[in-house]
Amino acid sequence: MRAPYAIVDGVIGVITMNHGKVNALSKVLLDDIVSAFDSLESSLVRVIILRAEKGAKVYSAGHDVRELPTNGRDPLTYNDPLRQVMRKIDHYPQPVIAMVEGSVWGGACELVLGCDVIIAADDSTFAITPAKLGVPYDVHGTLNLIKVAGMHVLKELMFTAEPVPMKRLADLGVVNHVVPRDELEPFTMKMAHQIAQTSPHVLSVLKEEMRVLANAHPLNPETYERLQALRRDVYDSHDYQEGIRAFLEKRAPIFRGC
């Protein structure tokens, strides 16, 4: 089990990502996270904490680039393992807290921002890096990020692909709390206990209410199909192939814009 879980005081579920040093979001890890959520949902757990191992330098490095296809096929479809995890968090009936220790990269940024509450160590950073890899972000993921981070903040994060300190994200209201690393776990557990003392029925209703209202953005079929066509163009491009090759060869990519 690469994403083990534990139940604390009978009401707090803790899912710990433990997949190598960087917790790359491989299918194995993501499937194990879904399995842990399923197991905890059948218990009396009232709040879940999603974390890396204590002392981690990298919370998650994002998508496992080695699993991305090189045949021009879009890997980020409805059934993509990350999409399944995001739906699991979104529809899980109780609050999910991201306890962030270490740096967060690429698709893992959506994993964190998709949680209901974010508490981070003060030396942690975010970097949304698909532009450096020549990989487009999927439509659903981009919308999720816009809802949480706001358009201008997200554009800067995506266009520069550079790490941003958690302190700045907290000042912008993207992250709930930033605390010293040695206070991260007790601070998070204290909030989890506070949440666990409230009505789980009311919490589930509130979470679903906010989920539905936040997703009340109609998109006509033509517009959606156009966005998908633009993304397919990227997967058929030189830049996509070059980005993956450069990553695997551990060198800087040479993008042509085509």
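Details
- Charge tally in the Cβ shell below 11 Å around GLU242, where Lys, Arg are +1 and Asp, Glu are -1, GLU242 excluded: +1
- A simple rule links phi to the HN-Hα coupling: the Karplus curve 6.51 cos²θ - 1.76 cosθ + 1.60 with θ = phi - 60°, which for the range 117-127 gives 9, 10, 10, 10, 6, 6, 9, 7, 9, 10, 8 Hz, with x for Gly and Pro.
- Unit charges on C-beta of K, R, D, E only; dipole of the range 164-204, Debye: 100
- Spherically averaged projected area of the chain from its Cα convex hull (nm²): 13.7
- Surrounding net charge for ARG226, when Lys and Arg each add one and Asp and Glu each subtract one, Cβ distance under 12 Å: -1
- Cα-centre dipole for the chain with unit charges at Cβ (Lys and Arg positive, Asp and Glu negative), debye to 20: 320
- Filtered trypsin sites (Lys or Arg not before Pro), the range 202-258: DSSP coil and at most 15 other beta carbons within 10 Å: LYS250, ARG251, ARG256
- Area accessible to solvent at MET191, 1.4 Å probe radius, in Å²: 40
- Karplus (6.51, -1.76, 1.60) ³J(HN,Hα), θ = phi - 60°, over the range 51-57, in Hz, Gly and Pro reported as x: 9, 9, 5, 4, x, 4, 8
- Positive-pole candidate from SER199, LEU213, MET158, dipole of the chain, charges at beta carbon: MET158
- Near GLN197, once Lys and Arg are set to +1 and Asp and Glu to -1 for all other residues with Cβ below 13 Å from its Cβ, the sum equals +1.
- DSSP-defined antiparallel bridges as percent of all bridges, the chain, nearest 5: 20
- Accessible surface of the range 5-196, 1.4 Å probe, proportion on carbon and sulfur as whole %: 55
- Exceedance of the 18 Å cut-off in Cα-Cα distance is limited, within the set LYS57/LYS190; LYS21/LYS54; LYS147/LYS207, to LYS57/LYS190.
- Extension gain, GLN197 to VAL8: 0.36 nm times the residue separation minus the Cα-Cα distance gives 66.7 nm.
- Remark: the chain carries 51 Å² of accessible area per residue (probe radius 1.4 Å; ligands, DNA and RNA excluded).
- Of the GluC sites (Glu not before Pro) found in the range 189-258, those in coil by DSSP whose Cβ has at most 14 other Cβ atoms within 10 Å are GLU249.
The values are calculated or read from the model by the stated rules, or taken from the named source; none is laboratory data. Since the model is a prediction, treat every value here as computed from it, not as a measurement. Every residue, glycine among them, receives a Cβ derived from its backbone with ideal geometry; neighbour counts consider all protein chains shown. The accessibility values were calculated without ligands, DNA or RNA, using every heavy atom of the protein model including side chains. Shrake-Rupley method; radii C 1.70, N 1.55, O 1.52, S 1.80 Å.
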